[in-house]
Amino acid sequence: MKHLFSKIERKEWLFQISLLIVIFFLFSFDKHSPDISLDRLVFFTHYALVSFIISYIFIPTLFYKKRYKEFGIAIVLTLVYLYISEEFVLEKIFYAGERGKYVSNVFFTLLDILPIIIILVSFKLGWDAHKKQGLVDKLESTVKESELRFLKSQINPHFLFNNLNNLYAYAIEQSPKTPSIILELSSVLRYMLYDCKEDFVLLQSEIEHLKHFTALNELQIENRGEVRFNTSKIPANYVIAPLILLMFIENAFKHSTASQSTDIRINVDIQVNSEGVLDFVCENSFLSSSNNQNLSQGIGLANVKKRLEILYPDKYSLKIDDYNQIYKVNLQLQLSKKE
């Protein structure tokens, strides 16, 4: 029993004591006799002890462990005990006169006792349900955090795989652009490794990173097309999940350069309205007649969609269109302000 009491949390003790006090005054209230009498105190204490046994012994050891048959037998035996102790012990002691001489009907005796016990046990079940829901919420949060970390960890290898191959090709050709590519790649990697460890970063920092990333890939296009990166004045107090927009720009370069050798067109436009809604548009040209369908789709798009579902439930709209050899992505995202 001592071990049982030690397992009950302090908050639960305070809750149960407060509940017992309230129920006791409701049980004992009598406008003709407002004083707390000994008989009422003893009877209520008896009911409270029975409720405690049901709540902290029968329910955890039998009901929660799905031993329903044993639990049912325990409850029946408890009701038998209540009736016998009520009619043949307590009433004989406190009401030895006229009331104690008669034995009441089982139904009426239990009907008088059970409401109090049911109320006390029900509040215990409610407490357990609330506690269990808290554990479920904590577990869901932990799972979600782990999943986000896993999704984010997929991005860096994905990015490195594509750009190191390109850098290797330029190094083999001894291209004079190799140092510039290394410099831009260094800026991008520094941001990925050190600046975006948090779940959310400043939107301005993310856009600066996207500019470096776009410049890195633009070096590879040379004179084969045109890249535009347009953004108006970005508010300083908004944050965004890092690397959400990166994949769309990366895919734009990947698919355009894979399907076209000339006339490459990539347009990126980022705006934020007065209500904090980000409007991101990324367009790229491609030739559907090329062998572009064999280009590995990778994990990028599925990764970003999953992160959007986790981080921005019901707060984003993603439209992807393919028309007239133009691939267009339009993401609208309700941003939050920096705390």
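Length gained on full extension, ASP199 to LEU90: 32.9 nm, using 0.36 nm per residue less the C-alpha separation. Normalising by residue count, segment 195-333 has a Cα convex hull of 114 Å³ per residue.
Here the simple spin-label model places points 7 Å from the Cα toward Cβ, and for VAL136 and HIS46 these points are separated by 3.9 nm. A straight chain from GLU339 to ILE320 at 0.36 nm per residue would run longer than the Cα-Cα distance by 3.6 nm.
Computed from the C-alpha gyration tensor, the three semi-axes of the ellipsoid equivalent to segment 165-255 are 26, 15, 11 Å, from longest to shortest.
A short reminder: the numbers here are calculations on the coordinates, not readings from a lab. In this text the structure is predicted, and so the values were computed from the model without any measurement. We place every Cβ from the backbone using ideal geometry, glycine too, and count neighbours over all the protein chains shown.
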